[in-house]
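The block underneath contains the structure these notes are about, expressed in structure tokens.
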Amino acid sequence: MIFNYKNISTLLIIFLVFSQLSFSQKKDSKKKGEYTSSQLQEAEAYFTEGMKFYMMEDYERAIPSYQKALEITPDNSGVFYALSNNYQKLKEEDKALLYAEKAVQQDPENANYGELLADLYVRKHKYEEAAKVYQNLIAQNPSKAEYHVEQAAVYIFDNQYDEALKSYDRAERIMGVNEEVTRQKQMVLMKMGKVDDAVKEGEKLVSSDPEEIEFSIDQAELLMSNKQTEKAIPYLEKILKINPDNAQAHVMLAQLYQEKGDMEKCNRELELAFADNNLDATTKARILMGYMSMVKDEKSRETAFNLVKSLVKQNPNDPKSHAIYGDLLLQKGDEKEARDEYVKAARLDKSVHDVWGNIINMDFRLRQVDSAIVHSEEAIEVFPNQSAFWYLNGSAYYQKRNNAKAVESLEEARRLAPEGSDLTQHIYALLGDTYNSLNKHEKSDDAYEAALKEDPNNDHVLNNYSYFLSLRKEKLELAAQMAERLVEKHPDNGTYLDTYAWVLYVMKDYKKAKVFLEKAVEQNKSNSGTIIEHYGDVLYQLGEKDKAVEQWKKAKTIGATSTLINQKIAEMKLIE
């Protein structure tokens, strides 16, 4: 059995109290409730047995022994105290509190009993009772600062902030200005909205030890966080007189100068901060992340760029440095270099979700779909429950026309996506496209319907769903409704105009289809051959065969047409 030596001090207290009771009984034979020598010996034996079990952490077996000792000496405060501690170990706080109260009733001047009782009152949220116990302890030992501090904590729990401050003041009068007490007083004062008083407390702490830089740093931070920046500057300047290389002071001054719009001084302070080799790479990276969000002028961006470049060179194994360098390269428009820096960051620390997202998004922007597949699968290994990475993986496979793999990833993304999230509609939309490519039209329609349930105005779904229905010549009324809604929202979008026109074409409303196809041709900013070919088809249906052939030839020149375009031109007739 391994003994818990944390119990030793408690047991010594209990044993001493029990011994004191035995001694007093022998000394005063006329005392009320006196015990014989044999009774005391028997009680002590049971008590010792209980202590043995307590030391062995067998608290259940300790209780009967203590209870037998209590039956023999029913007014024994030491046994009450022992039982209270024992029940506390068993997390039976109601019983622990009962016996602690009895111990204090028997011996109200015993500080150990009072401390235990106060602690139990706090645990039971009986703050008023706890404060009274501390008041009694203070009355017995007014010079013990610890009791004043503990009483203050009780007052804070009870939202009695004025009383808490008084207790802290009493503790301070005993021990002098103390960092822990000052921090607590400042916390209370801030809760009360007394910022100036909190600042004064900080000034007292700084004055108590002017050479302690941390006190001045904390004071400056307090002032800065409460928009008293001008008052913060002297503290920081004083720090730099003592220690000119203090990076934190330089960083804080940089922030102050940035807020004042003096970017030249801001940049200078940052450069001084980064010259400190004692400032670790992670801290420098964190500073730069904040700085990058503030900079607006080109010179400051260049300063940040040079600092990060230097940081990466000095700390090639720091992932945050590479990630920030990637951010800056992206801002400069160097997408490939940015992606490569993000990859370096991920290789050094795979656990950063956002870095993987940046890598994969850069892969898509660089049209490197194979890389997007590799990187998204690496991200999935680290974050198997993140639906976004499954979605990106499915998107990449869809672009590679590997629809079976795309469906697998997209279905997993759908399963993991939070209900009602923006991502959900995009997953359903792409599932609709992918199932359509696999000719699984029922599943495709279900996915599109689910996407529209999430967002009835999803442009991508309204366009693709209506167009695919028209190609299948199914649910044409629904297709027309969706396509019409789309062109009402986007009257100048050539692709959407073409979709609506083609639905009308399939419904044999050629005149109306011609109207919208003419608009589509006019708005054909993407120079789509499909739109021109559709226009030719409508013209043919309306009897304008020569014009139709002219449009087909034009469509062939542009490209991206149907496989029937050559036959249409050769035979000079519509082939469907």
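Every number here is computed from the coordinates shown, using simple stated rules; none is lab data. Because the structure is a prediction, the values reported are computed rather than measured. So basically every Cβ, Gly included, is an ideal-geometry build from the backbone, and we count neighbours across all protein chains shown.
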Principal-axis tilt of helix 93-106 within the chain, Cα atoms, nearest 10 degrees: 20
Residue exposure sequence - PHE80, PHE274 - by fewest surrounding Cβ within 10 Å: PHE274, PHE80
Separation between Cα centres of the range 457-519 and the range 360-390, rounded to whole Å: 34
Nearest-ten-degree value, helix 422-437 long axis tilted from longest Cα axis of the chain: 40
Rounded to 10°, Cα long-axis angle of helix 529-541 versus longest principal axis of the chain: 50
Protection-proxy order for peptides 209-217, 118-126, 98-106, each taking the mean of Cβ atoms within 10 Å per residue, highest first: 98-106, 118-126, 209-217
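Which FRET efficiency, nearest 0.05, do ILE242 and ALA275 yield, Cβ-Cβ r, R0 25 Å?
0.90
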Nitroxide proxy distance, nm - points 7 Å out along Cα→Cβ at ASP546 and ASP197: 9.7
Potential extension, ASN566-GLU128 segment - 0.36 nm per residue separation minus Cα distance: 148.3 nm
Magnitude of the charge dipole, the range 298-348, Cβ model with Lys/Arg +1 and Asp/Glu -1, debye to 20: 120
Among [x] 78, 36, 22; [y] 68, 30, 25; [z] 37, 29, 21, the entry derived from the coordinates for semi-axes √(5λ) of the Cα gyration tensor in Å: [x]
Out-of-range pairs (alpha-carbon distance over 30 Å; input LYS95/LYS194; LYS102/LYS185; LYS512/LYS573; LYS191/LYS265; LYS443/LYS554; LYS453/LYS489): LYS95/LYS194; LYS102/LYS185; LYS191/LYS265; LYS443/LYS554
Contour minus Cα-Cα distance for HIS441 and LYS231 (0.36 nm per residue): 68.6 nm
Stokes-Einstein D (µm²/s) once Rh is taken as the Kirkwood radius of the range 205-339 over alpha-carbon pairs, at 4 °C in 1.567 mPa s: 83
LYS554-GLU302 pseudo-label distance in nm [points 7 Å out on the Cα-to-Cβ vector]: 5.0
Cα lying deepest toward the dipole's positive end in the chain, options LEU165, VAL206, TYR342, charges on Cβ: TYR342
Ordering of 326-333, 278-285 by packing [mean C-beta count within 10 Å, highest first]: 326-333, 278-285
Mean-position separation - Cα centroids, the range 68-110 and the range 180-218, in angstrom: 41
Shape parameters for the range 37-164, alpha-carbon atoms, Rg then Dmax in Å: 16.1, 55
Ordering of 492-503, 538-549 by packing [mean C-beta count within 10 Å, highest first]: 492-503, 538-549
Segment LYS405-ASP169, length gained on full extension (0.36 nm per residue, minus Cα span): 78.0 nm
Approximate spin-label separation ALA139-VAL515, in nm, with each point projected 7 Å along Cα-to-Cβ: 9.6
